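Chemist: Can you read through this structure? Questions will come right after.
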2 protein chains.
Amino acid sequence: MTSTTSPRRKRDGSLRNDLIDAGVALLRERGADGLSLRECASKAGASHAAPGYHFKNLMGLSTAIAARGYRLFCEAMTQRLSEAGEDSFSRLEAICHGYLDYASAYPELFLFIFSGQKFNEGDEEFDTAARKAYGILRETCAPLVPAGSDPADLEILVWSLVHGYAHLTMTRKKENPELGLTWPELGSLMKHLERALQSRGSV
Amino acid sequence: MTSTTSPRRKRDGSLRNDLIDAGVALLRERGADGLSLRECASKAGASHAAPGYHFKNLMGLSTAIAARGYRLFCEAMTQRLSEAGEDSFSRLEAICHGYLDYASAYPELFLFIFSGQKFNEGDEEFDTAARKAYGILRETCAPLVPAGSDPADLEILVWSLVHGYAHLTMTRKKENPELGLTWPELGSLMKHLERALQSRGSV
DNA sequence: GCAATAACTTGACACTGTCAAGATAGCTCC
DNA sequence: GGAGCTATCTTGACAGTGTCAAGTTATTGC
C-alpha cells in the first residue's frame, strides 16, 4: 500500500543537467570547497546518491562542470573573434578580451577550471571542450609565431599573460570596482621590457 | 591502575613541526586532495584530534604548510639574487630562475601555494612569508618600472609570465624530461610581439 | 613536592563519498 | 492493455572526514 520510496522528480533524464546547474550555483555561493555531491543532489531535489548514477563520483561531476566551463569559455572567445577584424594582432587581442569577459561573467567557473584541480581526462565531453579552447588560442597565435620557433612558446606566453592579468583584474575589481587595467597598457609594458632586454644585448 | 590514555609522543611541542612535515609529504604523495588532518596526525604518530590543538582546523594546517612553502620560495629567489650581478635585468632574471628552481625542487609546495586555494590571511606567519615573497618581486621590478606607470602592472606581468612558464616547464618535464625552454627564448618572443604591436601602431 | 598549565588523547557528532540493493516510471512489444 | 525491460532513480549502509567538548598526563614554575 504505502510505497517505500518517495520519488520527487520526474525520471526524464533532466537530473543530470540540473545537478550541473546546482554545482555551478554551489561554486558561486561557497567556492570550490563547498562543492559536494550530496548538496548538489539536495539542491536539485534528488536523493543523496542520485549523482552517483550520472557521474559515478565527485570527480565525474567536477569534470562535467568543468566541461560546461570550457564551453562557455569558448563562446566568450568566439564572440569577440566574430567582432574582430582580420589583423592577426586584433584577433589575438580579441581572444584576450574574451578571456576577460569570461572571467568577469563566470568568475566561479573561471577559478574552477583553472584551479589546477585534476579532472577526468578520459571524459570525451571534457576533452573536446578543453581541446577546443586551446585550439582557438593556437589558431589565433599561429600567424604571429616567429619562423622556426615552437608555436607552444608563444601560446604559453600569451596564455600566462592573459591568465595572470585576468586573475589580477578579478582580485582588484573586488577591492576597487572602478579600477581596471587595459590591454594597451600591457602592450607598452612589454615594449618597455623589451627595451631593457635590448639595452642589455641579451636578445 | 591501567591508564586510559596511551601517549606515544613526547610532549615537547615538536608535534607542530612534524605535522607540517607530514602534510608536505602527503601533498607530494597524494596531491592536494590527499591532505587530511587525521592522516597527518597518524603519519606523525599522534591522535586524530591532535592537529586541532596546534592549527584549530584544516585551513590552519594548510596555512602553516603554505607559510613554509613561501619561506622556501623566498630562499630560492634570494639564493639566485646573491649570485646575480647588479644589473637590474640580471636581477629580474635571477628571481625568475629562483622561481623555476623552487618549482622543480618542491613541486608539491609550488602547486599548493599557487593553487588558488584560500588560506588564513589573518595568520601572521603566513602573511609575513607571503608578503616577503611579493616584496622581493616588487624590489627587483622597481628599477624597471616605466616612469609614471603603476608598479603593479609590471609586477603582475613578470609574475604571470614566470608562473605560466614554470607551470609549462613542469608539465613538459614530466612528458619530455630533456626538453626545456630558456629565458632568452621568452625574451625574443616578447621582442617579436612588441614588433607586431608597433607595426599595428597601437602602442 | 605541589599546583598550574601546556600538550595532548578519547569520544562523540554531523557530514562526506561511495557502493549495493531495491523500487518504480516509462518504454517496447505482443 | 498488460507483461516485461531497462533507465533512472531511492534507501540503506559503511568508512572516512573535520570539529568540538571533556578528560588525561607531562612538563614547568614555584
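The values are calculated or read from the model by the stated rules, or taken from the named source; none is laboratory data. Being a predicted model, the structure only gives us computed values, none of them experimental. Every residue, glycine among them, receives a Cβ derived from its backbone with ideal geometry; neighbour counts consider all protein chains shown.
Chemist: Mind checking which helices (runs of 4 or more DSSP H) fall wholly inside segment B:87-153 and carry at least 1 residues that are surrounded by fewer than 18 Cβ atoms within 10 Å (Cβ to Cβ), among the β-branched types (Val, Ile, Thr) and facing another protein chain (nearest Cβ under 8 Å)?
Modeler: Output list is empty.
Chemist: Can I ask one more? As an exercise: evaluate A:Leu81 against (1) within 8 Å of DNA strand C (Cβ to nearest atom); (2) at pLDDT 95 or above; (3) farther than 18 Å from A:Leu109 by Cα and give the number of the one condition it does not meet.
Modeler: Exception for A:Leu81: condition (1).
Chemist: Separate question: Do we find that A:Ile65 is touching a residue at least 24 places away in the same chain (Cβ under 8 Å), more than 25 Å from A:Glu139 (Cα to Cα) and among the β-branched types (Val, Ile, Thr) in this structure?
Modeler: Considered against the rule, which asks whether it is touching a residue at least 24 places away in the same chain (Cβ under 8 Å), more than 25 Å from A:Glu139 (Cα to Cα) and among the β-branched types (Val, Ile, Thr), A:Ile65 comes out as yes.
Chemist: If we scan segment B:59-76, do we find a residue that is of a type in the set (D, E, K, R), closer than 16 Å to B:Glu125 by Cβ and touching a helix residue (DSSP H, G or I) at 6+ places or on another chain (Cβ under 7 Å)?
Modeler: Yes, segment B:59-76 contains a residue that is of a type in the set (D, E, K, R), closer than 16 Å to B:Glu125 by Cβ and touching a helix residue (DSSP H, G or I) at 6+ places or on another chain (Cβ under 7 Å).
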